[in-house]
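A quick write-up on the structure given underneath.
Throughout, read-outs are computed from the coordinates displayed, never taken from laboratory work. Everything quoted here is computed from the prediction, not taken from an experiment. All Cβ positions, even for glycine, are placed from backbone atoms using ideal geometry, and neighbour counts span all protein chains on display.
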Amino acid sequence: MKDLTDGSIVRNILQMAVPIAAGMFFQTLYFLIDLYFVAGLGGASIAGVGAAGNVMFIVFSLTQVLGVGTVALISQAVGRRDRADATLIFNQSLVLSASCALITLVFGYGLGHAYVQTLGSDAATVLAGATYLNWFLPSLALQFALVAMGSALRGTGIVQPTMIVQVATVLLNALLAPVLIAGWGTGHPLGVAGAGLASSLSVGVGVLLLGLYFRRLEKYVAFEATGWRPQLAVWGRLLRVGLPAGGEFALMFIYMAVIYWIIRRFGADAQAGFGIGQRLMQSMFLPAMAVAFATAPIVGQNFGAGRYARVRETFGLAVLIGTCIMVGLTLFCQWGAAWAVHAFTAQPGAAAVGTQFLQVISWNFAASGLVFTCSAVFQGLANTVPAVLSSASRLVSFVVPALWLASQPQFQLLQLWYVSIASVTLQACISLWLVRAEFRERLGGGAQSVAAREPV
């Protein structure tokens with residue numbers, strides 16, 4: 001366990017953010033490695049994998065429920081020096097993760113093909129997406145255990161073991177991808193099925209490695225069989241914090257599904273270009289997201305300890321660091337977007353869409369960074385309702401105008417990207433206003449300071 005209630009806040013942020021960013025970068029390489037080898041199979045395969053991969057947002061919304069709830073409650077328990085409560089929360093999170101994994105497999109195999117069919121622009125795209133999803137689903141189910149264990153460690157201020165496991169699993173995926181997708185050394189290429197299988201095998205190994213770490217090395221929170229019997233009161237605590245955060249990703253799933261549905265009229269090349277641009281953008285966001293991931297446990301521990309001035313200071317410094325990162329990435333996209341996209345496709349149509357997407361959408365990177373940091377503060381305060389309210393604003397500010405524009409005869413993709421910029425900017429303003437309101441309500445001192453020390 002690492003005490004985040006003392007010492008330099010900037011140092012605490014960076015010491016946690018750097019290994020988190022490294023781990024997230026290697027985690028994202030799962031998708032970039034798959035994308036690189038899948039790109040050699042043609043535009044339909046790229047578009048199919050991109051459309052099917054959007055299911056990740058559903059799963060990530062559920063993992064967010066577990067992860068955010070676990071980080072918030074464990075970090076506050078650490079701040080109160082309540083080790084027993086932290087251990088109980090961890091073990092109940094594991095029970096919930098097993099239930100969610102089972103639900104993911106049942107619904108994924110039952111409804112996955114119909115979902116891909118809704119978004120695919122042609123039969124080849126639908127076939128590629130459904131095939132990929134069938135083999136990729138086990139990796140999504142295993143993510144729940146991985147997130148539960150990694151979040152418990154992050155709540156205690158420890159991030160290095162999770163990063164090391166993520167690196168190991170990506171290296172394994174990098175070895176398996178060419179063998180399974182392209183048939184290197186075997187002469188039996190599996191195509192998009194191999195991409196999904198490589199990810200599933202790699203995540204499975206990652207779960208085993210992190211489980212061994214908890215069994216042999218972790219001291220503050222640990223596996224306890226007596227804590228595996230479902231306790232509805234603890235589930236309620238986790239879900240009260242986690243469900244709104246999961247709602248953020250569920251709304252992101254809707255946002256992405258609307259885009260794929262709108263642009264399917266432009267063909268597989270447009271969907272492929274957007275898929276490449278979207279994944280590159282997600283990769284670029286990793287440093288700012290790592291700062292936000294580090295911010296949540298720092299806010300949580302200091303709030304649990306009643307150190308409210310450090311909570312405010314953490315937010316201000318995290319915004320400054322995240323904004324600097326995002327401005328640098330915006331400049332890169334203005335000059336290097338074409339180079340980055342061409343690394344993944346030689347098809348002119350797909351490359352043109354992906355390049356245009358990154359160059360235009362990068363103007364909302366700074367606003368996106370602010371949204372990430374505000375969400376992290378809500379998580380640390382164990383009140384994630386404001387975050388989902390902020391995300392819900394995009395259903396009005398993006399989806400409604402986007403659907404209207406798509407119905408116009410002169411509709412172009414460029415218009416869609418400009419609407420996205422406006423909606424993210426509005427969301428950032430709403431998030432900032434909600435953070436300030438939360439600070440006024442919960443960091444006022446006096447009686448609130450006493451309440452902050454009580455279990456959430």
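Observations on the structure shown:
- Model label sites at Arg440 and Gln282, defined 7 Å from Cα along the beta-carbon direction, differ in position by 3.7 nm.
- Mean residue ellipticity at 222 nm, helices only, the chain: -28500 deg cm²/dmol; runs of at least 4 DSSP H residues each add -39,500 (n - 2.57), and the sum is divided by the number of residues.
- In nm, spacing of pseudo-spin labels at Thr186 and Ala98 (7 Å Cα→C-beta vector): 3.1 nm
- Taking label positions 7 Å along the Cα-Cβ direction at both Trp335 and Leu105, the computed distance is 5.0 nm, reported to one decimal.
- Note on the range 298-355: Rg/Rh from C-alpha atoms, Kirkwood Rh, equals 1.37.
- Residue-wise HN-Hα couplings along the range 11-26, as the Karplus relation 6.51 cos²θ - 1.76 cosθ + 1.60 with θ = phi - 60° gives them from phi, are 5, 4, 4, 5, 4, 8, 5, 5, x, 5, 4, 4, x, 5, 4, 5 Hz; Gly and Pro carry x.
- Additional length obtainable on full extension of the chain from Leu232 to Glu313, 0.36 nm per residue less Cα span: 25.6 nm
- Residues of the range 159-192 with amide N under 19 Å of a point placed 7 Å along Cα→Cβ from Asp122: 192
- A Förster radius of 60 Å combined with the Cβ-Cβ distance from Leu209 to Leu395 puts the calculated FRET efficiency at roughly 0.95.
- Net length available on complete extension from Leu171 to Leu217 is 14.3 nm, with 0.36 nm assigned per residue and the Cα-Cα distance removed.
- Straightening the chain between Gln415 and Leu320 buys 31.2 nm, computed as 0.36 nm per residue apart minus the Cα-Cα spacing.
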